[in-house]
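Here is the structure we will look at, set down as structure tokens.
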Amino acid sequence: MGKPKFKDGKSIIVDYAKRKLELPEYAWNHIIKERKRDYFEQFFDKIVQTLQKPSTVKKSRKMENVVIYERHFDDFYITDSVLGRAFVNVIVNWKTKRTLTAYPSLKRKKGRILWPRKR
């Protein structure tokens with residue numbers, strides 16, 4: 001998928017529930033530059049896939065209106081020689097519809113599961 005395309009300082013991604021979520025350009029720069037995750041620049045498609053087809057969506061335990069979209073990937077390459085299996089977490093404020101950050105993790109994050117709903 002390449003890099004995000006920004007118009008008026010934001011890129012729009014539609015999630016699994018048809019919500020239009022913003023990825024502000026400053027948040028993208030935060031993801032790839034400020035946190036020294038420049039390898040994430042090649043994984044924008046993983047962020048999109050996580051928002052569109054998450055394995056779970058959890059309520060943040062620390063912040064109001066914030067949720068964690070989570071998806072496991074077997075093909076998360078951090079370097080050319082290393083194959084990583086990792087969860088990609090995308091943190092979104094549902095009230096403002098803005099993506100705050102994204103990061104890989106080797107284990108699941110804790111939180112109350114909002115989706116998929118248990119019957």
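For the chain, the relative contact order comes to 23 percent (Cα pairs under 8 Å, sequence separation of at least 6). Please compare each pair in 7/109; 10/59; 53/97; 7/58; 10/46 to a cut-off of 20 Å on the Cα-Cα distance and tell me which ones are over it. Table pairs above 20 Å Cα-Cα are 7/109; 10/59; 7/58. Less than 5 angstrom separates the built amide H of residue 115 from those of 57, all sequence-distant by 5 or more or on a different chain.
The distance from the alpha carbon centre of the stretch 1-26 to that of the stretch 31-75 is 13 Å, rounded to a whole number. Close amide H contacts of residue 11 (hydrogens built in the peptide plane, cut-off under 5 Å, sequence separation of 5 or more or a different chain): 23, 25. Scoring 107-117, 86-96 by mean Cβ neighbours within 10 Å over their residues and listing the highest first yields 86-96, 107-117. Rounded to the nearest 500, the 222 nm mean residue ellipticity of the chain from helices alone is -3000 deg cm²/dmol, with -39,500 (n - 2.57) taken per DSSP H run of at least 4 residues.
Where a number appears in this text, it was derived from the coordinates with a stated rule and is not lab data. Note that the structure is a prediction, hence the values are computed from the model and not measured. Here the Cβ is made from the backbone with ideal geometry for all residues, glycine too, and neighbour counts use every protein chain on show.
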